[in-house]
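Below: the structure, in structure tokens.
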Amino acid sequence: MSYASGGGGRGGEPPPTPATPGTTKFSCPSLSAAEIEEGIKNMGFHFAIADLKKPTAAAVRPALAKIVDYFLHLGPAELATPAFGTTDHMAAPSLHEESVGLINLASATGKVAKASGIDDFLLTDILEPDVRRLRAIFSAVINYARFHRTRMEKCDEVAAASAVLRGRRADVAARLDADRARLAAAVAARDAEAPELAALQPQLESTLSALAAAKAEQARLQDAKVAAKQRHLDTNAATARLEMLTSDRAATVAALSAQVVGSPARALAELDAMAAELASRRSAAAVTESTVRGLEATASALTAAAESVRPLLPAAAAAADRKARAERVEADEVAASAKVEAGNAAAAQAAEELADARNAAARLRERLGRIRGDAAAHAAATAEEVAAATAAVADADRARDEAVAQAAATDAATAVAVEASAERLQVIHAALVAVADALEAAGGAAGRYREGLAAVMTVPSMADEAHAPSRAASSHPARSPTLSGPAFLSLFPPTAGRSLPLAMELSMAFLAAAPVATSAAGRPRAACRSTFTPPPPAAMPAALPSSRRAAPPAMAADAPSPALASLPLYPFIDPDTGMIPYPDPSAKTGVYAIYGPDGIVLYLGKSRDIHNSLRMHLGRRPADCCAYRSLPLPRPSRTAFDTILAAWAAEVGGNPPGNDGGDEQARWEKPIDVRWAGSGVSLTAAEQEALDDCVLAADAAKVLKKVCRRVQGEVEAVLKARGSKEPMKWAPKLKEKGLLDVGSLKLAIPETL
């Protein structure tokens, strides 16, 4: 069962580069074991999950060599070649053959790790691999390989788009050439017909002018004909009236003849007047008839003129047809010109797109050149470092030889001192045995005296340390329990006579006769030293306000782990203050359990700062953090952490959902990754399109920062709805990488962790 720290540097803002190996500064999302196996398989080799859980140098070194070959194309032959040419000039070349390959592998792997975001890759990561650090290194390298493949796919897409644009440009150019050929043929045909049209143009113009004049004369004659017909009709009407008057006159004459005429003179006068009127009307009718006959003659002349003009009409029609064809040719020429202009515009647009694609390719090539230049510079620097490391190895070999010689001399001197100390201890033992016999005769304290004597004789001698160099070289050598002078005196109760003074004299004699050892630093130390440490005082609960509960008592190092249900339960958000209630801010390191809305344990964790870890969990899972229980540990150790968390997991019926070792545990222990679907964050269509269109890393960082700000607003809205007033300082540098997390504090970490 694996429990990751909730408050370390991995979940929040990346910590500073550590001073000692074993910790990692990285910002990429850590992958599960299955994801690591799949990512390594995609790079062309296999790495077993068992080797990932229990890594060894024999399994890790070939895997790192495969990674170097995948990224830098450096095979075993290149790695085995020394940067300085040969090892023949060294005193013992065979001793350095393996170290050359190892140093070259460490240097090449360091370059790959640095490009992946890990700046502190050391040789220790190959010789003594750690499971957490190895998982972090593999996660960073696999994420970098994914990014590399994504960028190369983008470059391939740009190249394909450029090829399509070039094909479109060729098609437009071909169509443009065809239109230009048709236009040239139309212009040539027009130019060929131009002389004939020019010769027919005067005849056509004269014919058209004659036709126009004939049409005008015909119109005039038509108008005159209409007027003559009207006058003829008027004449006919007048003649009819005249005849009517004549008939009336005859009737009147007949009537008058039949009657008696009273005034014949008057009647004759009227008849003369009527005769004169009739004569005038007859003359007018004659004039009208002559006019009509003149108009008919004119019409006949016009008809004859039209008949004479009729043979010229086919030539005029042919000329008109040629003119229409010429106009159509001109229209086709205009349309072809428009098509040519459209083709030129399309070609210009295609040229602009091709220029943009070429500029993007040029930028990619420039960036690749910079990367290669940096790699060359780094390779030169690495060669210098390798040379310096080789010199340092030679100096270390010389120093080792000197240390071995000095250690041999020290062992000899120690052996002499041990023999002398053994002789003195034998003398003291004989004296103490004699005193014991005397005490048996004098009083009843012999039993306790013999117990003290047995305790004294269990002191480790200098001979044990002199003949165990491996244990002496350890930073924490094993020691048997010893007694100090006062503890030794406590074995002898004050009895009658000289019992107490005698015991004191014997104790002082024993302390004076004890041999003196020398520490590694050259300072004297007593061989008989008390290792008894007084127990820490009982943790007293501090006085808290009425709205807070008392802090749970700190657990001693050797005390049994308390049950989870026996610890006080705190709400994640205090209803009075809106803050995370934490009774004892000084108690930082310990273990804790987080409860969900339904009262079920969702996550078990350990932390160097419990309060800070709770804030980070609230920022990552604002709706799932409802209550918690915690247990501070004054003397933390990984064994104590694992023991307590295992007992709590058994108490709640197995691992909680947040400790499943997969995606759910990653959501509790790692920042919110907006690019990972398992984090519960979904990109909008516009955000996904903007991210896909990014070619440079700086553009992608801007888009990811905007997405993180949107998700941050959603988280803060949930916390505000719950009444939280806990200050949340989000790590700004992580947003450029698509990660959102609450910034952690800089803590003083105990050495035992």
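Filter the range 38-73 down to residues that are in a loop (DSSP other than H, G, I, E, B) and open to solvent by less than 50 Å² (accessible area, probe 1.4 Å), then give me how many there are.
Selection size over the range 38-73: 5.
Take the residues in the range 179-198 that are at pLDDT below 85 and either within 26 Å of Ala306 (Cβ to Cβ) or of a type in the set (Asp, Glu) (or both), then tell me which one is surrounded by the most Cβ atoms within 10 Å (Cβ to Cβ).
Within the range 179-198, the match that is surrounded by the most Cβ atoms within 10 Å (Cβ to Cβ) is Glu193.
Out of (1) surrounded by 11 or more Cβ atoms within 10 Å (Cβ to Cβ); (2) closer than 30 Å to Ala347 by Cα, what's the single condition that is false for Thr252?
Checking Thr252 against (1) surrounded by 11 or more Cβ atoms within 10 Å (Cβ to Cβ); (2) closer than 30 Å to Ala347 by Cα, the one that fails is (2).
Here is a list: Ala297, Ala348, Ala338, Ala342. Which entry is surrounded by 14 or more Cβ atoms within 10 Å (Cβ to Cβ), without any contact (Cβ under 8 Å) to a residue 24 or more places away in the chain and either out of contact with any Leu (no Cβ under 6 Å at 6 or more places or on another chain) or polar (S, T, N, Q) (or both)?
Ala342
Counting just the residues of the range 704-733 that are more than 24 Å from Ala627 (Cα to Cα) and modelled with pLDDT under 90, which one comes out surrounded by the most Cβ atoms within 10 Å (Cβ to Cβ)?
Taking the candidates together, the pick is Ala731.
Would you mention how many residues in the range 734-753 are among the hydrophobic types (A, V, I, L, M, F, W, C) and either modelled with pLDDT of 65 or more or touching a Cys at 6+ places or on another chain (Cβ under 8 Å) (or both)?
Total satisfying the criteria: 4.
Counting only residues that are surrounded by fewer than 13 Cβ atoms within 10 Å (Cβ to Cβ) and farther than 14 Å from Arg675 by Cβ, which one in the range 686-701 is modelled with the highest pLDDT?
Ala686
Checking the condition aliphatic (A, V, I, L, M) and free of Cβ contacts under 8 Å to residues at least 24 places away in the same chain, which residue from Ala389, Ala381, Ala360 passes?
Criteria check complete, one pass: Ala381.
Please state which of the following conditions Val158 fails to meet, knowing it meets all the rest: (1) open to solvent by 30 Å² or more (accessible area, probe 1.4 Å); (2) in contact with a helix residue (DSSP H, G or I) (Cβ under 7 Å, 6 or more places away or on another chain); (3) at pLDDT 85 or above.
Result: Val158 fails condition (3) only.
Identify all residues within the range 646-665 that are in contact (Cβ under 8 Å) with a residue 24 or more places away in the chain and surrounded by fewer than 22 Cβ atoms within 10 Å (Cβ to Cβ); write none if there are none. It would help to see each step written out before you state the result.
Of the range 646-665, the ones in contact (Cβ under 8 Å) with a residue 24 or more places away in the chain are 646-649, 651-652, 655-659, 661-663, 665.
Ala646, Ala647, Ala649, Glu651, Val652, Asn655, Pro657, Gly661, Gly662, Asp663, Gln665, listed by residue number.
Condition first: buried (at least 23 other Cβ atoms within 10 Å of the Cβ), without any contact (Cβ under 8 Å) to a residue 60 or more places away in the chain and in contact with a Leu (Cβ under 8 Å, 6 or more places away or on another chain). Now tell me which residues in the range 107-142 satisfy that.
Thr109
Restricting attention to the range 623-645, report how many residues are surrounded by fewer than 22 Cβ atoms within 10 Å (Cβ to Cβ) and within 18 Å of Gly599 (Cβ to Cβ).
Total meeting the criteria: 5.
Output the helices (runs of 4 or more DSSP H) that fall wholly within the range 646-753 and possess 3 or more residues being of a type in the set (Asp, Glu), or say none.
Details: elements: 663-669, 685-692, 697-721, 732-735.
The helices (runs of 4 or more DSSP H) meeting that bar are 663-669, 685-692, 697-721.
What number of residues within the range 8-57 are in contact with a Gly (Cβ under 6 Å, 6 or more places away or on another chain) and at pLDDT 85 or above?
1
Starting from the range 275-292, take each residue that is under 25 Å from Val253 (Cα atoms) and list its partners that are among the β-branched types (Val, Ile, Thr), counting only C-beta distances under 9 angstrom and pairs at least six apart or across chains.
Going by the 9 Å Cβ cut-off, the qualifying pairs are Leu278/Thr246; Arg281/Thr235; Arg281/Thr239; Arg282/Thr239.
Can we say Ile126 is at pLDDT 85 or above and under 28 Å from the mean Cα position of the chain (by Cα)?
Here the answer is no, as Ile126 does not meet what is asked.
The values are calculated or read from the model by the stated rules, or taken from the named source; none is laboratory data. Note that the structure is predicted; figures quoted are calculated from it, not measured. Because the Cβ atoms are built from the backbone with ideal geometry, glycine has one as well, and the counts that use them run over all protein chains shown. Just so you know, the surface numbers come from the protein's heavy atoms only, side chains and all, with ligands and any DNA or RNA stripped out. Shrake-Rupley method; radii C 1.70, N 1.55, O 1.52, S 1.80 Å.
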